[in-house]
1. So if I check each of B:I59, B:I50, which one is within 16 Å of A:I65 (Cα to Cα) and in contact (Cβ under 8 Å) with a residue 40 or more places away in the chain?
2. Of all residues in region A:281-303, which are farther than 21 Å from A:E355 by Cβ and open to solvent by less than 70 Å² (accessible area, probe 1.4 Å)?
3. Only one residue in B:G188, B:G118, B:G174, B:G134 is within 17 Å of the chain's Cα centre (by Cα) and of a type outside the set (V, I, T), so which one is that?
4. Go through (1) touching a residue at least 40 places away in the same chain (Cβ under 8 Å); (2) out of contact with any Lys or Arg (no Cβ under 9 Å at 6 or more places or on another chain); (3) basic (K, R) and name the single condition B:K8 misses.
5. Looking at the structure I just gave you, is B:N109 closer than 30 Å to A:L460 by Cβ, more than 15 Å from ligand 1 (Cβ to nearest atom) and either modelled with pLDDT of 95 or more or in contact with a helix residue (DSSP H, G or I) (Cβ under 6 Å, 6 or more places away or on another chain) (or both)?
6. Go through region B:34-52 and report how many residues are on the phi > 0 side of the Ramachandran plot and within 12 Å of ligand 2 (Cβ to nearest atom).
7. Under the condition of being basic (K, R) and open to solvent by less than 40 Å² (accessible area, probe 1.4 Å), which residue from region B:1-54 is farthest from the chain's Cα centre (by Cα)?
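The values are calculated or read from the model by the stated rules, or taken from the named source; none is laboratory data. Given the structure is predicted, the values throughout are model-derived calculations rather than measurements. As a convention, Cβ positions derive from the backbone with ideal geometry for all residues, glycine included, and neighbour counts pool all protein chains shown. To get the accessible areas, we keep the full protein, side chains included, count just its heavy atoms, and leave off ligands, DNA and RNA. Shrake-Rupley method; radii C 1.70, N 1.55, O 1.52, S 1.80 Å.
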Amino acid sequence: MFARIKKSVLTVVAPDIPALPDTSGTTRAHNRSLPDKFTYARPAFLQLLTYDELKASADHNVRPIIVPRDISILPWSTGYAECVNSGKSEWNEDQAAFCRQVLTHPSKQHPDLPYTYFGIFDGHAGYGAALAASHQFHHILHEKLVDVIDMLMPRQDTGPPKPDILPSPLAFQRSVSKDELIIGALESAFIEMDALLAEDRDKYRNAGGCTALVALFILGKMFVSNAGDSRSVLCQRMSNEVLKSHTSNISSNVPNSKDNSDSHESKWEDKKHMHIFPIPFSHDHTPDTERPRLMSTAKLNPSLMGGEYVAMEYAKRPAVKDLGQRILYRQGTMKGWAYKTLTRDDLKMPIVIGEGKRSRLMGTIGVTRGFGDHDLRAIGSGLPIKPFLSPHPEVNYRDLTKVISIPEENNEDGDYGILIMATDGLWDVIDTETVSKTVFTTLSKYPTEKHRYTMVAQELVAKSRGRINESGHWRLADSKAAATVDDISVIVIPVYQYYKEYLEWERKCKEDLEKKKSMPSPASFETSVTTNGTVSGDEEDERAEIAGDGYDADGETATTTTPCDTISSTTNDEEEGKATAEKEVTSTDPSSGT
Amino acid sequence: MSYAYLFKYIIIGDTGVGKSCLLLQFTDKRFQPVHDLTIGVEFGARMITIDGKQIKLQIWDTAGQEAFRSITRSYYRGAAGALLVYDITRRETFNHLTTWLEDARQHSNSNMVIMLIGNKSDLDSRREVKKEEGEAFAREHGLVFMETSARTAANVEEAFINTAKEIYEKIQEGVFDINNEANGIKIGQQHSPTNPSLPGAGNQGGSTSSGCC
Ligand SMILES: Nc1nc2c(ncn2[C@@H]2O[C@H](COP(=O)(O)OP(=O)(O)O)[C@@H](O)[C@H]2O)c(=O)[nH]1
Ligand SMILES: [Mg+2]
C-alpha cells in the first residue's frame, strides 16, 4: 500500500530529497534562520483572509475546491479553482496571480494602452519562489513593457521625423516588430525574476523553485509564456462552416507535437457538427523533453558534472560485464544513435535518467525550467543543479484580429477559444482532449450564468482531484485510476471577452483621434520627439525601427500613421485571415518545433 | 489562541435558506441581507467555551444548488457536526430535507451530530412550515431541532453551541475516537503557545515527511 502511494506521487523533486534542500556545509548554512520574504497566503483574489480560512482550505483529507468568493474580481468572468495536495507538503505550493495595467506614455500624446496578465506558478521544495513570483513578476513585466513603450504605442500622429534627435545610426539596423518587443519583454522579465530570487538568497529563507506559466493580453493579441511543466491549452470548438473557411494546411506552423497531431486525428464531433480541438500553447520542460539542451550544456562544461555523471544516453543500460564491447549511444544534440566502445566512464550516472514525467536531471529534479532553485544540489553527488536549469520561456502567441467567427453562430467562445492554464496536477491525470470536452460540456450546462467559467475551473479541478476511497487513496470518479495527489490550480480564460474589450478600446482610440483631428492642436507636432524609434510605413507587420535614422530601409520616409493603424487591419487582411487557426500560433522556441 | 478541541462543522440545505447568513451571524455577529451566491465552499471559525474548555469550531458553508451536490458530498468527510437548514417560509426547502439527510448519512461519519434548523423565524407572517412539523421531523430522524433567525440572531448562538455540546458529550462518553481526525475532531496542542503561527515557524516548515513520500 505504501509503495502504491509512493508510486503515484509525481513530485517534481525526487521524493527522497528533503523538501527544503539541505544547505548545511555550504556558505548558506544560516539560511534556515532567515525570514520569509512574503507571508504565505493564497492568491489575493480568493479572499482567504484569516489563518483559519487558510488552514481549512489546506485540509489534506478533504481537499476542498476553492474558487473566488467574489467572481467579479477576475476580468472577463475568468474562472479559477484550486485544491491542495493530499499531504506531500503542508501548504498548497501552487500560486496564481493576475494584473490589469495600463501603459501610459510620458508625453501623454498617446492613448493609454491597457494590458492584462495572468500567471500560474507551481512551487517545489518550498512555497517561497512561487509566492515571490506571484507577488513580483508583474512588476518586472511592467518595467519591461515600459522600456519599449514608445514602440508599442498606437500612433496619434508621428509628425515629421526629426533625425537630429534620434540616436545616431548604428553599423547595422534591423526592423523589429511589436510582437518581438512583447516577446522580448516576457523573456527578459523571466530572466530577471530568476535573478531576483538569486539576489534574495542571502536575505530570506530558502525559497525553493517554481515553474512559471504566464499569459499576456495586449494589443488584440494573446501571448503565452512558459518555463516548466505547467501547461496551457487553447480549447476551441468550431462549426463546419468556420472550419471550411480555414485552409486545409493544418499544423505546419504549430508549436509541435505529439499531442497536437493526435488531436487532429481524434477530433470528434458533438451534436451540432461542432468540432472540438485543443491547441497546445506551451510545451513541458522536463529532463526528457530538454535532453538535447542538457546534454550539450554538460558536454560543453564537463566540470559541471564533477566527474560524477556522464553526458550520454545509451540505448541499453551499460553494465560492467559489457566493458570493451560496442554500445549504441548518443550525446549533445544528436538525434540518431551511433556505436562506441564501452569504457569505465560510461558506467557513471547519465545526466538525464528516466523518461517522460518520471525523468530526472542528475537523479534529482523533474522540471528543467523555471525560477529559483539556486541552492538546489543533486542527491548523492551534492553538485549544484542550477547551471543546468533555465528561466528562459517558450512564448507562443496569437493575433485575435485574425480569428474567423460567424456572428450568427454565437460561437465566440468556441472560435476564439477558452485558454486553460493549469499546473501539472491537472495534466498528470487528464489529457488535453478530455479537458477540452469538459470545457464545452460544462459551458453548455450553464449557458447564461456569470460564473460559468468558474464552474469549468471547478469541474476540471474536481475531475483531476477525484475522490478518496475507503482505504484513503484518491481515485478518478469514472475509473479506478489514480487521481492526482498534487496541488491543482486551473485558470479558465474566455478569450473572446478580452477581444471584445480590445475592440472597444480600439474604437475609443479612433474616436479620440477624430476629435483631435477636428481641433488641430500645434502640440501634436511634438509627439514623436521623445521617441527613439519610429513606426515605419509598413502597416502589415507593424514593424518599428530600432535605432532608426528616420529613414527606413527602403528609402521611404516614415509615413504618418493613423492611431491604431496596426490593429484595424482585420478587413483588408482577408487572405491572411484565412490561415488556419493553428497557423496563427507562433512559437519562439526553436527546440519545440522538432 | 490555543484550544482543547477543534470541531469541524458543515452547513447544508437548499440554496437561499440562509446558510451563509447563519455563519456570518455566528462568526461576525452581523446580518448581511444581500449575500453573494455561494459557489463552492466558504469557511468560518469561532472559539466557544464548553465545560470550561476552549473549543474551536471550524465551519464549512457549502453551496446548496443541485449542481454543486457532488462536490459538496466530499466535504462531509471529517465533519463532527452538521447544521441541516431549511427556510420556514418555503415549504419545498422542508420537503427536500429527506434527500439532504440521506446524503449526509451516506457520506459522513456515523457519529456526526446533525442539528435541524428552521431558519427565518422572524418572518412568522410568511411561515409555510409549522414549528411542530420541524419538531416531528427531527424526532423521527433522531435530530436536534431549533428555529433560528439569522436576521435577529435569535437562537443562532444556541444552534451552533448546542451542537458542540452534543459532540462534547459524545466525546466524554467515548463514542468518538478523537485520535482519528476523520471524525472531525482534533485535539489542540497542550502546550500550544499562542496563535498557531504561520508556516515556516519551527516544525511547521515546508517539510512534512510523515506524508506519503
Ligand atoms: N428575514 C430573514 N432573511 C434571511 C434570514 N437568513 C437569510 N435571509 C435572507 O435569505 C437570503 C439567502 O440567504 P443566504 O445566507 O445567502 O442563503 P444560502 O444560500 O443558504 O447561503 C438572503 O437574501 C438573506 O438576506 C433570516 O433569518 N431572516
Ligand atoms: Mg450561501
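1. Selected residue: B:I59, the only one of B:I59, B:I50 that is within 16 Å of A:I65 (Cα to Cα) and in contact (Cβ under 8 Å) with a residue 40 or more places away in the chain.
2. Taking region A:281-303 and keeping what is farther than 21 Å from A:E355 by Cβ, we get A:281, A:300-303.
Residues satisfying the conditions are A:F281, A:N301.
3. Working: B:G188 fails: within 17 Å of the chain's Cα centre (by Cα); B:G174 fails: within 17 Å of the chain's Cα centre (by Cα); B:G134 fails: within 17 Å of the chain's Cα centre (by Cα).
After ruling out the rest, the residue left standing is B:G118.
4. If we test B:K8 against (1) touching a residue at least 40 places away in the same chain (Cβ under 8 Å); (2) out of contact with any Lys or Arg (no Cβ under 9 Å at 6 or more places or on another chain); (3) basic (K, R), just (2) comes out false.
5. Considered against the rule, which asks whether it is closer than 30 Å to A:L460 by Cβ, more than 15 Å from ligand 1 (Cβ to nearest atom) and either modelled with pLDDT of 95 or more or in contact with a helix residue (DSSP H, G or I) (Cβ under 6 Å, 6 or more places away or on another chain) (or both), B:N109 comes out as yes.
6. 1
7. Applying the first criterion (basic (K, R)) to region B:1-54 yields B:8, B:19, B:29-30, B:46, B:53.
Within this subset, residues satisfying the condition of being open to solvent by less than 40 Å² (accessible area, probe 1.4 Å) are B:8, B:19.
Working: B:K8: 7, B:K19: 10 Å.
Taking the candidates together, the pick is B:K19.
Here is a yes/no grid of residues against (1) more than 10 Å from chain A (Cβ to nearest Cβ); (2) at pLDDT below 95:
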| site | (1), (2) |
| --- | --- |
| B:Q58 | no, no |
| B:E66 | yes, yes |
| B:R69 | yes, yes |
| B:R73 | no, yes |
| B:E92 | yes, no |
